[in-house]
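Engineer: I am attaching a structure below and will ask some questions about it afterwards.
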Amino acid sequence: MPGTYDFEDLVLKLSTPFYLVLIGLEIFLTYHNHHSEHSVRRSYSFRDSLNNALLMLINGGVDLLFRAFYIGILIWIYNFALISPIGNPYIYWICLFLLEDLAFYTLHYVDHHCRLFWAVHVTHHSSEHFNLTTGFRSSVFQPLYRFVYFIPLAWAGFDPADIIVMYSITQIYGIIVHTEYVDKLGWLEYIFVTPSHHRVHHASNVQYLDKNMGMCLIVWDRIFGTFQEEIPAVPPRYGLTKQIENENLVDTVFHEWKEIGNDFRQPVDMKTKFKYLLKAPGWSPDGSRKTSKELQKEV
């Protein structure tokens, strides 16, 4: 495992200046391009970008505190692997990339369709801005359960150290697609998640809700029916369908938990309370609120 930490440290050292250069370029374009193409786009906000950085640091702290526990579980599962590790290193790493990207898609899908996990993930979607710093707006408590989706990989014979390294590498790609300054990318749109796809994912327009869940590959969305093209006539409106009133860190992280608490205080039975927690965000027993799928059916 020490080698894993060393490699992660190298990835961090190499990616940090890369991010800084890209963010600096995006800020330059934001404040120096005033032509019509960008005139309706939201610029950077110092407070928003600062919140993004702080949320990233909190997420990193949670991950570090919890790391020994989840790595221990992955190592224990790996010792009971069903099959021997793939001998060919090229096939091994390609298979790990594909399966880990699918695992992330599954994690991301559940985060959007179960309110318990949406209460964690909603932090990442709460900004009304969309720029490279939005990629650092972390779901701060996700490290507490994300490893569960990697258990099948360890059980299939992939070394936990390699799983962690692959996640760190793919995270770099997952961050750089948070930009409005890259248009559609031709044939790449059929295979990879692109900035166009991810603009859709972060939009609160009804047509765009809960779409394009992939980290690196868009093929999972195309296979499982969660793909949505960016529509020129429907410019993305970023943020939540019901935006939070206060942008302080406490409300940003815990506002959905407060809403769940309000629902639990309603005069309903325990079964209904569990439905409030486990069904899709927006579910209500009387239909007074709508889930994303219900809203899309109406559209």
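Engineer: For the chain, what is the calculated [θ] at 222 nm in deg cm²/dmol (nearest 500), taking -39500 (n - 2.57) for each run of four or more DSSP H residues and dividing by its residue count?
Structural biologist: Value at 222 nm, helices only, nearest 500: -18500 deg cm²/dmol.
Engineer: Between Asn246 and Lys13, what FRET efficiency follows from the Cβ-Cβ distance if R0 is 30 Å, with the result rounded to 0.05?
Structural biologist: Efficiency computed from Cβ-Cβ geometry: 0.25.
Engineer: Order the peptides 50-61, 105-116 from the highest to the lowest mean number of other Cβ atoms within 10 Å of their residues.
Structural biologist: 105-116, 50-61
Engineer: Step through the table entries Lys211/Lys297; Lys211/Lys293; Lys242/Lys271; Lys242/Lys293, compare each Cα-Cα distance with 18 Å, and write down the pairs that go over it.
Structural biologist: Lys242/Lys271
Engineer: So, one more: Leu57 versus Glu294, label points 7 Å from Cα toward the beta carbon: distance in nm?
Structural biologist: 4.1 nm
Engineer: Still on this model: Determine, for each peptide in 88-94, 141-147, the mean count of other beta carbons within 10 angstrom over its residues, then list the peptides with the highest first.
Structural biologist: In decreasing order of mean packing, 88-94, 141-147 become 141-147, 88-94.
Engineer: Could you rank the peptides 283-289, 180-186 by their average count of other C-beta atoms within 10 Å per residue, with the highest value first?
Structural biologist: Details: 283-289: 11.6, 180-186: 13.9.
So the order, starting with the most tightly packed, is 180-186, 283-289.
Engineer: In addition: Please report, to one decimal in angstroms, the Kirkwood hydrodynamic radius of segment 2-186 built from all distinct Cα-Cα pairs.
Structural biologist: 18.2 Å
Engineer: Report, by chain and number, residues whose modeled amide H sits under 5 Å from the one on Tyr238, excluding near sequence neighbours (fewer than 5 apart, same chain).
Structural biologist: Ser204
Engineer: List, in order, the whole-Hz ³J(HN,Hα) value for each residue of segment 151-166 obtained from phi through the Karplus relation with A = 6.51, B = -1.76, C = 1.60 and θ = phi - 60°; use x for Gly and Pro.
Structural biologist: For segment 151-166, the Karplus curve yields 4, x, 5, 5, 5, 8, x, 9, 4, x, 4, 5, 4, 5, 4, 4 Hz.
The numbers here are math on the coordinates, done by the rules we state, and not lab data. Just so we're clear, the structure is a prediction, and the values are computed from it rather than from any experiment. Here the Cβ is made from the backbone with ideal geometry for all residues, glycine too, and neighbour counts use every protein chain on show.
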